[in-house]
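The values are calculated or read from the model by the stated rules, or taken from the named source; none is laboratory data. All values derive from a computational prediction rather than experimental measurement. Every residue, glycine as well, gets a Cβ built from its backbone with ideal geometry; the counts of neighbours run over all protein chains shown. For accessibility, only protein heavy atoms count, side chains too; no ligands or nucleic acids. Shrake-Rupley method; radii C 1.70, N 1.55, O 1.52, S 1.80 Å.
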Amino acid sequence: QVQLVESWGGLVQAGRSLRLACAASGSIFRINDMGWHRQAPGEQRELVATITFTSGGVTNYANSIKGRFTISKDNAKNTVYLHMNSLKPEDTAVYYCNANLRTPWSARLSNYWGQGTQVTVSS
């Protein structure tokens, strides 16, 4: 079994910063990549950022957050971070952690999701 646990969401004023963390634990053989998605009320879930745990940590960002958010990782801790700067009210959403990884008993990549953490940006 694999668990993804997000932390450090909350309420912040517009223009301020916030950092999210997501730790993967359990029966993990190797993580291929991890990332963050978000879902605002009444909206579809959208990609925010991803980072590979191999290949030197290749990153990918949604256009809406480029230059404001930075994704980083700690391979030893199986943890991914999302550093969010210059937050806007439209960044308000539930942020979900996602991982594509291999368990010890499968050669295929499996996809896992965290339970989500609320980020609210007040104007």
Take Leu11 and tell me if it is assigned to a strand (DSSP E or B) and touching a His at 6+ places or on another chain (Cβ under 7 Å). no
Listed by first then second residue, the pairs whose first member lies in the stretch 72-83 and is under 15 Å from His37 (Cα atoms), whose partner is surrounded by 12 or more Cβ atoms within 10 Å (Cβ to Cβ) and among the polar types (S, T, N, Q), with beta carbons under 6 Å and at least 6 positions apart or on separate chains, are Tyr81/Ser72; His83/Thr70
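Here is a yes/no grid of residues against (1) under 14 Å from Gly114 (Cβ atoms); (2) of a type outside the set (Lys, Arg); (3) touching a Phe, Trp or Tyr at 6+ places or on another chain (Cβ under 8 Å):
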position	(1), (2), (3)
Ser7	yes, yes, no
Arg16	no, no, no
Arg45	yes, no, yes
Ala49	no, yes, yes
Ser55	no, yes, no
Ser64	no, yes, no
Some residue of the stretch 81-99 being touching a Leu at 6+ places or on another chain (Cβ under 8 Å) and outside any strand (DSSP E or B): yes
Counted residues, the stretch 1-39 - those being farther than 21 Å from Gly56 by Cα, modelled with pLDDT of 95 or more and either open to solvent by 80 Å² or more (accessible area, probe 1.4 Å) or among the aliphatic types (A, V, I, L, M) (or both): 11
Restricting to the stretch 40-69, and then to whatever is under 13 Å from the mean Cα position of the chain (by Cα) and open to solvent by 70 Å² or more (accessible area, probe 1.4 Å), can you tell me which residue is nearest to Val94 (Cα to Cα)? Arg45
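Condition check ((1) open to solvent by 40 Å² or more (accessible area, probe 1.4 Å); (2) under 24 Å from Phe29 (Cβ atoms); (3) not acidic (Asp, Glu)) across all residues:
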{"position": "Leu87", "(1), (2), (3)": "no, no, yes"}
{"position": "Trp105", "(1), (2), (3)": "yes, yes, yes"}
{"position": "Ser110", "(1), (2), (3)": "no, yes, yes"}
{"position": "Gln115", "(1), (2), (3)": "yes, yes, yes"}
Complete set of residues in the stretch 84-107 that are under 16 Å from His37 (Cα atoms), among the charged types (D, E, K, R) and in contact with a strand residue (DSSP E or B) (Cβ under 6 Å, 6 or more places away or on another chain): Asp91
